[in-house]
Each structure stands twice: as structure tokens, then as C-alpha cells.
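Contents: one structure, followed by commentary.
The values are calculated or read from the model by the stated rules, or taken from the named source; none is laboratory data. Keep in mind that what you see is a predicted model, and the values were worked out from it rather than measured. All Cβ positions, glycine included, derive from the backbone under ideal geometry; neighbour counts span all protein chains shown. These area figures cover heavy atoms from the full protein model, side chains too; ligands, DNA and RNA do not enter into them. Shrake-Rupley method; radii C 1.70, N 1.55, O 1.52, S 1.80 Å.
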Amino acid sequence: DPYRWLEDDASPETAAWVEAQNAVTFAHLDTIPFRPALRQRLAQLFDYPKYSEPFRRGDVYYFSKNDGLQNQAVIYRQHGLDGAPEVVLDPNTLSPDGTTKLSVFVVSGDGRYAIYGLSPGGSDWHTYKVLDLATLTPLADTVEWVKVSGAAWAGAGFFYSRYPAPDEARALWSKNVGREVCFHRLGTSQADDVPVFSDPAHPERFHTVDTTEDERYLVLTVSDRGRGLKGNAAFFRDLSSADAAFQPIVAEVTDDSFTVIDVVDGTFLVSTDWMAPKGRVMRFDPRAPAGQAWSEVLPERDDPLDAVACGGGRLFANYLHDVTARPCVFDLAGRFLHAIPLPGPGTVTGLGGRRDDPSMFFTYTSFNFPPTILRYDVASGAVTPFREVAIPGFRADDYVVRQVFVTSRDGTRVPMFLTHRRDLPEAGPHPTLMYGYGGFNVTLAPGFSGLRIALLEQGVVYASVNLRGGNEYGEAWHDAGTRLRKQHVFDDFIAAAEWLIAEGLATPRTLAMTGGSNGGLLVGAVMNQRPDLFAVAVPQVGVMDMLRFHRFTIGWNWIPDYGSSDDPAEFRALFAYSPLHNLVPGTSYPATLVTTADHDDRVVPAHSFKYAAALQAAQGGDAPVLIRVDTRSGHGASNTTKQLDSTADVFAFLLHHLGVRPRLPADLPLP
């Protein structure tokens, strides 16, 4: 590991290396003549209102809105659905450069207060504060060193999960262990917060909590991903009782997952993959005799259960059929009532609400359908548009989306969505951008990107591949892309690339690939294994050192998907595909732009630093190998300005090295 010294991000040597690399990278980007106009075009396409689904407290509805190019979305409220919106909290005022993100906004059940979480520069470390919603003034309450935590109201305070304060000089990169759940009472110092759960014997365990809507029950979820277990245990505590002990719903952590949805008549509705790899809903009755506590509410189906929630006295379950949403409504006993109609094949998020909500609001989107908030009326079952957006210069009918299936190396059928201009000639080849993820049980669902239009309108074909490792077909699909089976993910992506070439849609000179985080690992591994297939590669904030990922921040949490180099068999599997360790000197690699950021404390920049240095040393061809290191940003862009800047650089690099000279609108002349 000759670049181990780049793991020390605070050293003068690393700082000098980053400065020199950025100088080379931006000098290259500055030679791309259309980059400034492309940046303007991206701003045009992104300049439209972006809303969240509203949620209700009493007769007041809260929602977030970004007018278009604001650095951060603003929290609003209004009385009734027709009331005049009022600003509640504007994160754009919280830092001079607009890089402090609002990570959490949780309104108390009585509507008196809201917890809001702040993330400086896009870090995963959050600071929680409290807003008085009557006066819209912050209280003195401040809770620090919160990471991967919700905020659960209970009476005059809230529960949260935190880590011990790290050495501030290494706060971004230090390994996170020793988590505990605490209760913060309003009007007190964090030093007085009461620990309600910790487990010193298992310092790498995750402990997260939530309260039920009536705030009677505290639900504790415990996972042990550092030991490679995929599932969790679950416990509850009756806050109306003097007994502070947690009672088990599921006492031991295994590979089975359990998520409490709600409490109905003293029984817990639980979503689980226990003995149901595609998911089901069970009822747990803590009052029942041993062996009789569990009963089935929604049985497992052929289509996997993607999400489930309660609201308005109903149970909403969204199933996936070949990666597209199929939302259904049931009563709380599990009796089917009806399906929810959608505008077309796509993705549904946010479906659910409070018990007395008369309407549910959810978002529907697809590759050629901008996010639209729909309203479901509980009484009638009717679905109507609530918020629709118009994007300057975009017409959905100008683009087509089709789903194809490719055959992977072992015969597995792998879905892929293709999106392109409707008037694109059927005969290729065309400049084509492949995107994938393939991990952590994440479904790569059809979704809209206003920024992506800038590529599509130039004749680029966008290929989104649904690789094993995700949740597209349930837990078996996820499991098939993990640990000793991780190579399946890369095989799936390679098979998709070969299909595009065989069908004449692309050639190795017109094919590019990108992916972020676990998707950055995908790009690095595939580029090592098949550099001949691609002209351009953009691995973004990728996990590139598979032998040491678990030694930084929260990386140990990824062991259930990747395995650990501490295990001999898993070491061999990791070493066989680790992007950093499989570069072959003298190989002609694609034109490559590695991206990372100085505040990424999830996948620390050392991954990208070491990989870029090793790839530059190994490159045997003429294509450039560059690294772009953003500042005041984390595992994603910390504000809109940075998102537009980084996207312009990535898209300019892609188009330039695919040989595409964009035709931009007449009001944006090329320099």
C-alpha cells in the first residue's frame, strides 16, 4: 500500500497532493470549451420548484420547498391545505456559503416544538437544536455528536442516539464506536441527558429508537453489522409505566430484519423478512402466551414488499413488480381494499401518515416524469394531483423509457432501463452512460433528474442497471450480491455493457459509466476487469480499498455486504476485486475522473486519494486520469451551487471524452 500516507488527511503532504491534483484537474476541465455554457444549461434545467410531501399537526401542514436554485430547501407551514405559506426555518441563513444542511426536522405531536438537525459541510455528524413553533425562535437546547439517528419525541423531551465526542482534530475520520441512546429533556444541558440504553460489550452495535404516534411506546432496534449480521433485534418499553426495562419483540440479532410499523390495540405491526425473503407484515402481541405472540397480517407475495406504513386507519403496502411500484391499500387486519392507480410505471415514496389523517400525500416519479405529489383520499380512495411542476425546456413526450432484460454470466435475468430522446435514430451507436449501484438492499428505482436532461437532450442514452445486491427482487436478490458473491454485481454490469454493444446501441468508444459510493466501487472494479468496454469512467465517492474500509468512521457497518479482510476466505474474495489492489501497470484504462470531498466522513477521501494515485501510476494509455476534490461538501453535494458545479464538471468530462460537442440553446452561445 505505497499510498498509505494519503490516509492522513491532516498532513501537509496530503494537503499539498490534493492542491496539486486539483490544479491539474481544473486545468484540464478549463480546456473543454462548452463547459461554461453547459453549467448555465444545468442551472436552467434545475430552476424549478421542488417540494416535499406535506405532513400535518392539527390543522397546520408543514412542507419543504426549494424555489429552484436556492442552496437549501426552506421549511414552510400553512393553516389548512389552502392557507398562505409561512417560512418556519430557512437553512440558507445558517452559513455564509450555504453549505450547512438541514438533516432532520421533526415536529412534536402537540405541534409546540420542532427538532432540527444541522450538518456542517455535508458531514454525517449532526447537531440537534429545538425550535419554538409559536415564536419561531430557537431554544438554548443543543445536542451534539449525533450520527445515523432519528429524533423521537416523548412528552417534554426526545430520544436520540449519539457517539462519544471524538478528538476534534480527527472528528471526520475517527472510527465510530460506543453508541448510546439518550433522553434529552427540554430546557436542560446535554450533560444532563439520561442514557436509556448502551451496550459496552458490543461497541460496534447500532442502537436506534423511535416512539409510537401516541408516544406511549419507545421502540429500540439493535443491529450488529460489525459482526456481519444483516438483521436486527427489536425491543419496546412502555413509557406510561414506571418500569424502565425494555421488553423483547425479537431478542437476538440474526440475519432477519424486523421493523415496527405501528401499534394497534396494544399489538405491534411489524414488517419482516423472517421466513419470507420477499417480505411480509406480522402482528406481535406481547400479552399472548409464549409461542402464540406472532400472527400474519400480510403474507409474502411473488412481488417483493418495498415499503409499508400506516395512516388514516389503513395499511399501505408498496410492492415492486420488475422494479416498478404497485401500491396497495389494506385495512389494519390485512384485508385487501384496492390498488392505488399511478400515472404509469415508476416509483412511489412517502405513502403513509398519522392515524387521523383524512388524506395521504405521496410522490410519484419516473425517468421521464418529474416528481409529482399525489393526494390519496382515505374516505373515497380517490387519487388526485396535489403538486405538479413544470421544468423549463422539458417535455416528457420528447423522451421514451423502456425496460430490457439482459442475461448475466451465470444465466441470471437482470433488468435495465433505457431512457433517451424519442427522435433518436434506432440505429446506433450512440453515446451511452451506464449507471449502477448493486448493494445494501437498495432498489435502484426509476427516478427523475432535471440535471440528466442536459445529457439526454444531446442524444445520450441513459442506462440504469438493476444489479444483484439491491432489493429489486427481495432478500435473495440482495444476498446474491454480497460477500463471497459480490462478483455477481460486476458480472451483471458487464453483461449489460456487452448487451448494449451487441445490440448496436453503443461501442466501447461511445460507452461511459458512473456510480457513487458502493456504485463507485462498482465502477472501479468493472474498469479493472474490463477496461476494454468503456471510453470514460467516473467513480464518485467510491469504496476503493476493500481491505481497510472497516477501519474508518462507520465502515465496519458495511461488513454484512462486503465481508471483512480479517476473515481469510473473505480476504481472498475482497482482494480479488478491490479497485485499489487490482490495477495492472501498463494497461490502457478509460479516461477517468475520480470525485470525492473533504467532508465525506462516510466513505473517507483516502479511498479516492489512494485509488487515483495508483491509477495514475498504472495508466499505460493516453487517456487522462484525474481526481476532483470538492471542499465543504460531504458524501453528496452540500448545496445546490456545489451540485451544479460538480455536475457540470462531470458531464463536461463525459461528453468531451465521448466525442460529443453539445448543441446548447441559442441563448447560451458556446464561447
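Details
Every residue, every condition in (1) of a type in the set (Val, Ile, Thr); (2) in contact with a Gly (Cβ under 6 Å, 6 or more places away or on another chain); (3) farther than 17 Å from Val650 by Cα, yes or no:
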residue	(1), (2), (3)
Gly439	no, yes, yes
Val460	yes, no, no
Leu467	no, yes, yes
Phe490	no, no, yes
Gly504	no, yes, yes
Arg509	no, no, yes
Thr514	yes, no, no
Leu533	no, no, yes
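For (1) more than 21 Å from the chain's Cα centre (by Cα); (2) in a loop (DSSP other than H, G, I, E, B), each residue gets a yes or a no:
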residue: His478; (1), (2): no, no
residue: Val489; (1), (2): no, no
residue: Ile501; (1), (2): yes, no
residue: Gly504; (1), (2): yes, yes
residue: Ala512; (1), (2): yes, no
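- Of the helices (runs of 4 or more DSSP H) contained entirely in region 554-660, those carrying at least 3 residues that are at pLDDT 95 or above and surrounded by fewer than 22 Cβ atoms within 10 Å (Cβ to Cβ) fall at 568-577, 606-618, 640-657.
- When the residues of region 306-322 are filtered to those that are open to solvent by 20 Å² or more (accessible area, probe 1.4 Å) and among the aliphatic types (A, V, I, L, M), the one that is farthest from Arg335 (Cα to Cα) is Ala307.
- Checking each residue in region 175-204 for being in a loop (DSSP other than H, G, I, E, B), in contact with a Ser or Thr (Cβ under 8 Å, 6 or more places away or on another chain) and open to solvent by 40 Å² or more (accessible area, probe 1.4 Å) picks out only Lys175.
- Any hit, region 343-365, residues being modelled with pLDDT of 95 or more, more than 30 Å from Ala480 (Cβ to Cβ) and among the aliphatic types (A, V, I, L, M): yes
- Of the strands (runs of 3 or more DSSP E) entirely within region 121-174, those holding at least 3 residues that are touching a residue at least 40 places away in the same chain (Cβ under 8 Å) and either farther than 28 Å from Leu239 by Cβ or open to solvent by 10 Å² or more (accessible area, probe 1.4 Å) (or both) occupy 137-146.
- Residue in region 536-553 that is surrounded by the fewest Cβ atoms within 10 Å (Cβ to Cβ), counting only those that are among the hydrophobic types (A, V, I, L, M, F, W, C) and in contact with a strand residue (DSSP E or B) (Cβ under 6 Å, 6 or more places away or on another chain): Val536
- Scan of region 68-111 for residues that are among the small types (Gly, Ala, Ser) and part of a loop (DSSP other than H, G, I, E, B), ordered by number: Gly68, Ala73, Gly80, Gly83, Ala84, Ser95, Gly98, Ser108, Gly109, Gly111
- Selection within region 438-450: residues that are open to solvent by less than 10 Å² (accessible area, probe 1.4 Å) and over 30 Å from Ser564 (Cβ atoms). The member of this set that is nearest to the chain's Cα centre (by Cα) is Pro446.
- Count of residues meeting criterion [in a strand (DSSP E or B) and either out of contact with any Asp or Glu (no Cβ under 8 Å at 6 or more places or on another chain) or of a type in the set (D, E, K, R) (or both)] in region 321-348: 11
- Qualifying positions in region 273-295 - under 16 Å from Tyr319 (Cβ atoms) and either touching a residue at least 40 places away in the same chain (Cβ under 8 Å) or open to solvent by 20 Å² or more (accessible area, probe 1.4 Å) (or both): Asp273, Pro277, Lys278, Gly279, Arg280, Val281
- Gly470 passes every criterion in (1) in contact (Cβ under 8 Å) with a residue 40 or more places away in the chain; (2) in a loop (DSSP other than H, G, I, E, B); (3) open to solvent by less than 10 Å² (accessible area, probe 1.4 Å) apart from (1).
- Total residues in region 366-388, condition within 22 Å of Asp322 (Cα to Cα) and open to solvent by less than 20 Å² (accessible area, probe 1.4 Å): 4
Yes/no matrix, rows are residues, columns are (1) open to solvent by 60 Å² or more (accessible area, probe 1.4 Å); (2) among the aliphatic types (A, V, I, L, M); (3) farther than 30 Å from Ala480 by Cβ:
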residue: Tyr399; (1), (2), (3): no, no, yes
residue: Arg402; (1), (2), (3): yes, no, no
residue: Phe405; (1), (2), (3): yes, no, no
residue: Thr412; (1), (2), (3): no, no, no
residue: Met416; (1), (2), (3): no, yes, no
residue: Thr419; (1), (2), (3): no, no, no
residue: Asp423; (1), (2), (3): yes, no, yes
residue: Pro429; (1), (2), (3): yes, no, yes
residue: Gly436; (1), (2), (3): no, no, no
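- Selected residue (criterion: most open to solvent (accessible area, probe 1.4 Å)) from residues of region 41-67 that are among the hydroxyl-bearing types (Ser, Thr, Tyr) and outside any strand (DSSP E or B): Ser52
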